[in-house]
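Reviewing the structure listed below.
The values are calculated or read from the model by the stated rules, or taken from the named source; none is laboratory data. On a predicted model such as this, the values are computed, not experimentally measured, just so you know. Note: ideal-geometry Cβ built from the backbone for every residue, glycine included; neighbour counts use all protein chains shown. Side chains are part of the model used for accessible areas, which takes the heavy atoms of the whole protein and leaves out ligands, DNA and RNA. Shrake-Rupley method; radii C 1.70, N 1.55, O 1.52, S 1.80 Å.
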Amino acid sequence: MKDKKSAKLNLQHKQHQNGHLSPSTFAKLLDLEASWDKDQLGDVLHWIRQIVALICGLLWGAVPLVGGIWLVAFLLISSGIVYGYYAIILKVDEEEFGGHGSLLQEGLFASVTLFLLAWTLVYSLAHF
Amino acid sequence: MASPFSSFKYSDGLTVVGISICTAVVCEAISWLLIYRTTSYKSLKSSIDRASKKLETMKTDSTVTAAPKKSKTKKIDRVETSLKESSRDLSLFKLKSGAVVALVLFVVFGFLNNLFEGKAVAKLPFVPIRIVQKMSHRGLNGDDMTDCSMAFLYFLCSISIRTNLQKFLGFAPPRGAAGASLFQIPDAAKTN
C-alpha cells in the first residue's frame, strides 16, 4: 500500500518535473474529489490567469475600454476567477498551499504584463 | 510588395512583439544549452524540489502536534538550511550563464532603440502613473502620455513572453527556491 502511494507520488513528481501540464492535470481540473499537489495547483492557477489576461486584453482593446480603471477591473476579475476556482469549485484548504496570498499571486505579474500588452496592441491596431 | 500590416499606424508595435518573441526563443535556447541540460542543474533542481516537499511535510506534521520535539525542530532547521544552500548554489550556477542571455537582451534592446528612437510604436489605452511615464514616454516628443515608446512595449513583451515561455517549457525556477537569495548566508549554528 505504501509502495503504491510512493510510486504514484513519484510519477506525479516526474510528470510535473517536465514542467508541462500533464493529461492527468487536465483531467483533474474539474474533479472535485482530486487531491492537488502544490506545484500542480500553482501551475493551473498561473495558466488560468494568463488565459483571462489574454481574453480581457483582446476584449478591452477591441471595444475599446479606455482608462486606468479597466486595469483595476481586470485585476478584480482575474483574482475573482482564480479565487472562485480554488475556493469554491475545488474547495482546497488554502493553508495547505501557503495561504490565500500565495495562491492569488501565482502568475499575477506575468498576467498583468500580458493583459497590458494585448490591450495596448489591439487598441493601437484596431482604433488608429 | 507591401506588408499587410503597413496600413496600420502602429504596425511598428507588431515588429517589436515579433522581435521580442524571437529574442525570447533564442534566450531560452541559450539557457537550455548552458544551464538546463546540464546534470548539475538537474540534480540541484531535484534536490530543491525534494527538500521543499520534505520541509512542507515536516512543518505540517509539527503544527499538528501540540508540542513538537526539539529533535524535530532541529531536523526542520537542517532541511531549511540545506534548501537555502541548494537554492543559493542554483542562483550562482544560473548567474554565470545568465550573463550571456543578458548580453543578447542588451544587444537587441540597442538595436530596437536605434530603429524606433523618438517614435511612438503604440497607443496606450490609459495614462500611466508618473513613475511609469519615464519608461512609457522615453525619448518621445510632445505631452501626450498615451504615446507608447519602444522601451515600455519591449518591457511588457519581455516579461510576459519570457515568463510564459519558461513556464511552458518547464524552465521556471522551482518554487522552493523562490525565497532564497544569492547572498543569503546559511546559519552555521543551525547546520551544526
_Probe 1.4 Å - accessible area at B:M135, Å² to nearest ten_ = 70
*For the stretch B:79-154, give the percent of accessible area contributed by carbon and sulfur heavy atoms, probe 1.4 Å, rounded to a whole number.*
61
*With each label point set 7 Å from Cα along the Cα-Cβ vector, what nm distance links A:Y83 and B:D61?*
3.5
_I want to check the label-to-label distance for A:E94 and B:K9. Put each point 7 Å from Cα in the C-beta direction and report it in nm to one decimal._
4.4
_Contact order relative to length of the stretch A:29-127, as percent, for alpha carbon pairs under 8 angstrom and 6 or more apart_ = 50
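Counting partner chain Cβ atoms within 10 Å of every residue's Cβ in B:149-157, what's the average?
The per-residue average across the peptide is 3.
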*Once a ≥ b ≥ c are taken as the square roots of the eigenvalues of the Cα gyration tensor of the stretch B:8-60, is the result rounded (a/c under 1.5), prolate (a/b larger than b/c) or oblate (a/b not larger than b/c)?*
oblate
_Interface size between chain A and chain B, please: total buried accessible area, 1.4 Å probe, rounded to the nearest 100 Å²._
2800
*Estimated inter-spin distance, B:S43 and B:T73, nm [label 7 Å along Cα→Cβ]*: 3.5
*For A:A110, what is the net charge nearby, where nearby means another residue's Cβ is under 11 Å from its Cβ and Lys, Arg count +1, Asp, Glu -1?*
+2
_Nonlocal amide H pairs with B:A122, under 5 Å, H built at 1.01 Å_ = B:C148
_For the stretch A:29-127, take every pair of Cα atoms, bin their distances at 5 Å starting from 0, and report each bin as a whole percent._
2, 14, 24, 21, 14, 11, 8, 5, 2, 0
*asked:* Restricting things to Cα coordinates, could you compute the convex hull volume per residue of the stretch B:112-178 in Å³?
replied: 121
_Rg ratio (alpha-carbon, reference 2.2 N^0.38 Å) - the stretch B:29-139_ = 1.74
*Can you give the accessible area per residue of the stretch A:29-127, in Å², using a 1.4 Å probe?*
45
